[in-house]
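One structure is given below, encoded as structure tokens.
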Amino acid sequence: MTTTIDFDRLTEYEFCDEIGGKDYYLYSSDKEILFTIEWDSFFFLIATDYKKMNKLIASHLFEGFLCNDKTDHYWEYTVE
């Protein structure tokens, strides 16, 4: 099911209440940016082109790391 959320009318708290713990793929109406939550790994994923990503990084609203199609992560951390 697809629904529309107007981000301009929501505070960050309302946004959190709106999505709750559900699995969502949130994307702009032009489908040029994707935001989703990787619940098992406890981080958010933002997918877009380099130009838009650079604007997001410059905004200092997010903390994270850049990934590409070769990026991998492991389910658990083990010390050898």
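The values are calculated or read from the model by the stated rules, or taken from the named source; none is laboratory data. Not measured: the values here are computed from a predicted model. Methodologically, a virtual Cβ is constructed for each residue, glycine included, from the backbone with ideal geometry; neighbour enumeration extends over all protein chains shown. What goes into the accessible areas is simple: the full protein's heavy atoms, side chains included, and nothing from ligands, DNA or RNA. Shrake-Rupley method; radii C 1.70, N 1.55, O 1.52, S 1.80 Å.
Please identify every one of the GluC sites (Glu not before Pro) in the range 1-36 that sits in a loop by DSSP and has no more than 13 other beta carbons within 10 Å of its own beta carbon.
Those satisfying the criteria are GLU32.
I want to check a number: in the chain, how many lysine pairs have alpha carbons closer than 25 Å, given a sequence separation of 8 or more or different chains?
So the count of such lysine pairs works out to 8.
What residue among SER28, TYR74, MET1 has its Cα farthest toward the positive end of the dipole of the chain, where the charges are +1 on Lys, Arg and -1 on Asp, Glu, each on the Cβ?
It is SER28, whose Cα lies furthest towards the positive end.
Quick check: pseudo-label points 7 Å beyond the Cα along Cα→Cβ at ASP8 and TYR74, how many nm apart are they?
Using points 7 Å along Cα→Cβ, the separation is 4.7 nm.
Compare LEU45, LEU10 by solvent-accessible area with a 1.4 Å probe and give them largest first, with all protein chains kept in place. Don't jump to the answer; show the numbers that get you there.
Values: LEU45 75, LEU10 30 Å².
Heavy-atom accessible area, descending, gives LEU45, LEU10.
Which longest uninterrupted range of the chain lacks any chymotrypsin sites (Phe, Trp or Tyr not before Pro) assigned by DSSP to a loop state (not H, G, I, E or B) and surrounded by at most 15 other Cβ atoms within 10 Å?
Counting at most 15 other Cβ atoms within 10 Å as exposed, the longest clean stretch of the chain is 1-23.
Between GLU18 and ASP30, how many nm apart are label points set 7 Å from Cα along the C-beta direction?
Each label point lies 7 Å from its Cα, and together they span 2.0 nm.
For Rg and Dmax of the Cα atoms in Å, several values are listed as [x] 12.3, 35; [y] 14.6, 49; [z] 11.7, 34; flag the one computed from this structure.
Computed from the coordinates, Rg and Dmax of the Cα atoms in Å corresponds to [y].
HN-Hα J couplings of the range 10-15 from phi, Karplus 6.51/-1.76/1.60, θ = phi - 60°, integer Hz, Gly and Pro as x?
9, 7, 4, 6, 5, 4
Are there trypsin sites (Lys or Arg not before Pro) in the range 1-53 that DSSP marks as loop and that have at most 14 other Cβ atoms within 10 Å, and which are they?
Working: sites: ARG9, LYS22, LYS31, LYS51, LYS52; in loops: LYS22, LYS31.
Those that pass, being in a loop and sparsely packed, are LYS22, LYS31.
What net charge do the residues around THR48 carry, taking every other residue with its C-beta under 14 Å from that of THR48, with Lys and Arg at +1 and Asp and Glu at -1?
+1
Quick check on the chain: helices-only [θ] at 222 nm, where DSSP H runs of length 4 and up contribute -39,500 (n - 2.57) each and the sum goes over total residues. Nearest 500, please.
-6000 deg cm²/dmol
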